[in-house]
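Right, one structure below, let's go through it.
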Amino acid sequence: MNIKKILPQILTLLVVILVFGFFSYNAQINMENRGITFGYGFLSQESSFDVQFSLIEYDGSHSYFRAYLVGLLNTILVSVIGIIFATIIGVVVGIARLSNNYLINRTASIYVEFFRNIPLLLQIFFWYFAALRALPLPQDTEPMFGVFFLTIKGFFVPAFVWNNLDIFIYSIIAAIISIIFVRIYARKKQENEGIQTPVLSISIGLLLILPILSFLFGGVDASVEIPVIKQLSQSGFTFEGGIKLPPELISLALALSLYTATFIAECVRAGVQGVSKGQKEAAASIGLTPNQVLKLVVMPQALRIIIPPTTNQYLNLTKNSSLAAAIAYPDLVLVFAGTALMQTGRAIEIVSITMLTYLSLSISISIFMNWYNKKIAIKEK
Amino acid sequence: MFKYLKQLTSLVAMVAVLFTFTTETMAAKKSKTLKNTQKKGFVRCGVSQGLPGFSNADAAGNWTGVDVDVCRAVAAAVLGDANKVKFTPLSAKERFTALTSNEIDILSRNTTWTLSRDADIGLTFVGVNFYDGQGFMVRKNSGISSVNDFKAGVSACTNLGTTTELNMRDFFNSKGIQYEPVTFEKADEVVAAYDAGRCDTYTTDKSGLAAQRIKLSNPDDHMVLPETISKEPLGPVVRQGDSVWEDIVRWSLNTMIEAEEYGVTSANADSMKTSDNPAVKRLVGAEGELGAALGLDNEWSLRIIKQVGNYGESYKRNIADTGILPDRGPNELWTKGGILYVPPAR
């Protein structure tokens, strides 16, 4: 063993341990002097505060840990919605910026320059208070398709009430498994015989037919619960029944997706422009249709350029969702690092848990995107 | 934007706790806070981000309010000048960490005295400078005239991280009413959202409701319901572990209330030195050695009364004359039917 190689490593390790130890010791002394106790036991105590919007059953009689889960799920919910819409808008706008049509091209550029240059918090306030100004009171609202009600108190949509929901879910799982088999079969057939199978149409067909069969023969039954207006006072109304999406969620998701989409659009543009022109011309020269050129030649290569910076945007969106507290969307920061922190006064414990949670969320997204990136990378044979 | 980055103040405070290296010991006989304050030349005071009547800054940055006057009284007692105060506006969420991590020395920010806050998180409440209670504001045209008129599904806007959230739950649960809490980080957003119609009611301390009502687009369309659903004794807070400083803040507040009781005002304080009443003479420093017990000179209380005024003057100037709560209610002296009653200064 070479001592010259090991010594610096041991020294680094010692410094890290010393610095970390000094901070924890110092924090301990300071907390002791100020009569602050440390511990995670409070997580099992009754939280005794309510939250306006939750994906799991929760009220103040549940524990602080449950409140943490409520906040975490709400953060994940708005991030997932934001990521989906940001990706769709980003891809469309990114391709539009490459369009030869002057109007489409300019519109896309203006959108990108406008939305990415205004601070996100301002945009969140803008969409929230713009929504509150623009949306009608529950009693003045016009139903959309007779069952959707968009009001200042939220977007009320019908809920499905299921019988034998499990059989319905099995039918979808069965459909997905058969689609995987069809794809494997189609690939083999193409490799062996050079014949392409219309995988997409078959997949859609399977996804439709199997669940329909479950309705006809599996005893699955769904009825729709439509929101009904309810009077609270002489001038106050709300809706009952169905599902309520609070305006805070809608405006936060809107602001996050419109903001992040501008960056994704630029990633997409860079990715497509990064594929050399010769590739397209070569593909066209061997008789591929323009659609096939895009799908089989350009996109697979562009994606390799698009994915890594887009991953950053997904991470940013997730972290930016913590601005939710400004407009009362009960995310992790508002519920846990906000109300729970205030009620318990356990700043160090709660902030450390919150930081670890965001770290884990970001790392999970990174790991998934890295896996996807590897999967679509060119495989050298 | 930066105001909102303060959501991460807890983090900053945590880092502050990690980094401050203090030699302070509980057994220290001298008050470290007092010594530091005298060295710095100003009192570090944590106040609200703007609550008319309690702590509010005008366009020129001059702070006024009954909470502000507590800090001014301490500055007058300790430094001889009521203007030697540095005010730090804090959100409900930041306030306790700012105090425990040594950013401020007095927290005078309409803070409710509760057992868990007093005992658990390194704080000590020194008294009550305003007896408040939680109430509800509704639109007049809703026809709601009492809290008993609320129906299931009602949405209530309020502030994040206050006792309000807990009281609201206790109240609606006891009535068996399912409700929707909409909690914002800052009071301005609560007012804006309630004003726009997002919520059927706005709930917070009644003094706060009275003060915020002025900010609504049509204040006359709204009213505060008569019921009070909680006890909210608001008062100044200091760090646990500096009992001399604690005593100074407590008796600065008590002096203002006792001065009103004995009719000593900023105008007549000097002439009261020759009063026949020994209690009055003690109050203006003409008899006894009360200041020495606090580590101060003997005219500390006289300066408070002369520079800040007694409690009644402060209330009139900040809360009554501004039209927020002209009626003193429980915040009247015990001799006049209220519950303001402080231990004697002797």
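In region A:313-323, the qualifying residues are those that are touching a helix residue (DSSP H, G or I) at 6+ places or on another chain (Cβ under 6 Å) and away from chain B (no Cβ under 12 Å), and the one that is surrounded by the most Cβ atoms within 10 Å (Cβ to Cβ) is A:Ser321.
Residue check: is A:Ser24 facing another protein chain (nearest Cβ under 9 Å) and in a helix (DSSP H, G or I)? Considered against the rule, which asks whether it is facing another protein chain (nearest Cβ under 9 Å) and in a helix (DSSP H, G or I), A:Ser24 comes out as yes.
If you check A:Ala302, A:Ala326 for being under 21 Å from A:Leu252 (Cβ atoms) and buried (at least 18 other Cβ atoms within 10 Å of the Cβ), only one passes: A:Ala326.
Comparison of B:Asp118, B:Asp81, B:Asp132 shows that the only residue that is at pLDDT below 90 and more than 10 Å from chain A (Cβ to nearest Cβ) is B:Asp118.
Scoring A:Arg269 on the criteria (1) away from chain B (no Cβ under 14 Å); (2) charged (D, E, K, R); (3) in contact with a strand residue (DSSP E or B) (Cβ under 9 Å, 6 or more places away or on another chain) leaves a single failure, condition (3).
Of the residues in region B:180-198, not one is at pLDDT 90 or above, among the polar types (S, T, N, Q) and over 25 Å from B:Ala57 (Cα atoms). Can you find a residue that is closer than 30 Å to B:Val147 by Cβ, part of a loop (DSSP other than H, G, I, E, B) and not hydroxyl-bearing (Ser, Thr, Tyr) anywhere in region A:212-233? Checked region A:212-233: at least one residue is closer than 30 Å to B:Val147 by Cβ, part of a loop (DSSP other than H, G, I, E, B) and not hydroxyl-bearing (Ser, Thr, Tyr).
Yes/no matrix, rows are residues, columns are (1) within 30 Å of B:Gly122 (Cβ to Cβ); (2) in contact with a Cys (Cβ under 7 Å, 6 or more places away or on another chain); (3) at pLDDT 95 or above:
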| position | (1), (2), (3) |
| --- | --- |
| B:Lys231 | yes, no, no |
| B:Val237 | yes, no, yes |
| B:Arg250 | yes, no, yes |
| B:Asp270 | no, no, no |
| B:Leu290 | yes, no, no |
| B:Leu296 | yes, no, no |
| B:Glu299 | no, no, no |
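If you check B:Pro278, B:Pro344 for being over 19 Å from B:Ala82 (Cβ atoms), outside the structural domain of B:Asp81 (by TED's automatic domain parsing) and surrounded by fewer than 19 Cβ atoms within 10 Å (Cβ to Cβ), only one passes: B:Pro344. You will find that of A:Arg116, A:Arg97, the residue that is among the charged types (D, E, K, R), at pLDDT 90 or above and touching a Phe, Trp or Tyr at 6+ places or on another chain (Cβ under 7 Å) is A:Arg116 and no other. Selection within region B:170-194: residues that are more than 9 Å from chain A (Cβ to nearest Cβ) and of a type in the set (Ser, Thr, Tyr). The member of this set that is surrounded by the most Cβ atoms within 10 Å (Cβ to Cβ) is B:Tyr194.
Scanning region A:328-381 for residues that are of a type in the set (Ser, Thr, Tyr) and either free of Cβ contacts under 8 Å to residues at least 60 places away in the same chain or within 30 Å of A:Pro309 (Cα to Cα) (or both) gives A:Tyr329, A:Ser352, A:Thr354, A:Thr357, A:Tyr358, A:Ser360, A:Ser362, A:Ser364, A:Ser366, A:Tyr372.
Here A:Leu303 meets each of (1) away from every other protein chain (no Cβ under 14 Å); (2) free of Cβ contacts under 8 Å to residues at least 40 places away in the same chain; (3) of a type in the set (A, V, I, L, M) with one exception, condition (2).
Is it the case, given these coordinates, that B:Val224 is surrounded by fewer than 21 Cβ atoms within 10 Å (Cβ to Cβ), in contact (Cβ under 8 Å) with a residue 12 or more places away in the chain and either of a type in the set (A, V, I, L, M) or not assigned by TED's automatic domain parsing to the domain that holds B:Val68 (or both)?
The answer is yes for B:Val224.
The residue that is surrounded by the fewest Cβ atoms within 10 Å (Cβ to Cβ), among those in region B:89-123 that are outside any loop (DSSP other than H, G, I, E, B) and touching a Lys or Arg at 6+ places or on another chain (Cβ under 7 Å), is B:Leu123. Among the residues that make up region B:195-218, is at least one of them part of a strand (DSSP E or B) and surrounded by fewer than 19 Cβ atoms within 10 Å (Cβ to Cβ)? Within region B:195-218, not a single residue is part of a strand (DSSP E or B) and surrounded by fewer than 19 Cβ atoms within 10 Å (Cβ to Cβ). Selection of first residues in region A:184-202 that are assigned to a loop (DSSP other than H, G, I, E, B) and of second residues that are of a type in the set (S, T, N, Q), restricted to Cβ pairs under 8 Å at least 6 apart or on distinct chains, gives the following pairs, ordered by first then second residue: A:Gln196/A:Gln190; A:Thr197/A:Gln190. For the residues A:Thr141, A:Thr107, the requirement of being without any contact (Cβ under 8 Å) to a residue 24 or more places away in the chain and surrounded by 19 or more Cβ atoms within 10 Å (Cβ to Cβ) singles out A:Thr141. Listed conditions (1) assigned to a loop (DSSP other than H, G, I, E, B); (2) of a type outside the set (Val, Ile, Thr); (3) more than 14 Å from chain B (Cβ to nearest Cβ) are all met by A:Tyr329, apart from (3). Within region B:240-269, track down each residue that is of a type outside the set (Phe, Trp, Tyr), outside any helix (DSSP H, G or I) and surrounded by fewer than 24 Cβ atoms within 10 Å (Cβ to Cβ). Result: B:Gln240, B:Gly241, B:Asp242, B:Gly263, B:Thr265, B:Ser266, B:Ala267, B:Asn268, B:Ala269. For region B:203-214, the count of residues that are modelled with pLDDT of 90 or more, under 25 Å from A:Asp59 (Cβ atoms) and within 12 Å of another protein chain (Cβ to nearest Cβ) is zero. Within region B:270-318, being more than 28 Å from B:Gly338 (Cα to Cα), among the charged types (D, E, K, R) and out of contact with any helix residue (DSSP H, G or I) (no Cβ under 8 Å at 6 or more places or on another chain) holds for one residue alone: B:Glu289.
The values are calculated or read from the model by the stated rules, or taken from the named source; none is laboratory data. This structure is a prediction, so every number in the text was calculated from the model and none was measured. Because the Cβ atoms are built from the backbone with ideal geometry, glycine has one as well, and the counts that use them run over all protein chains shown.
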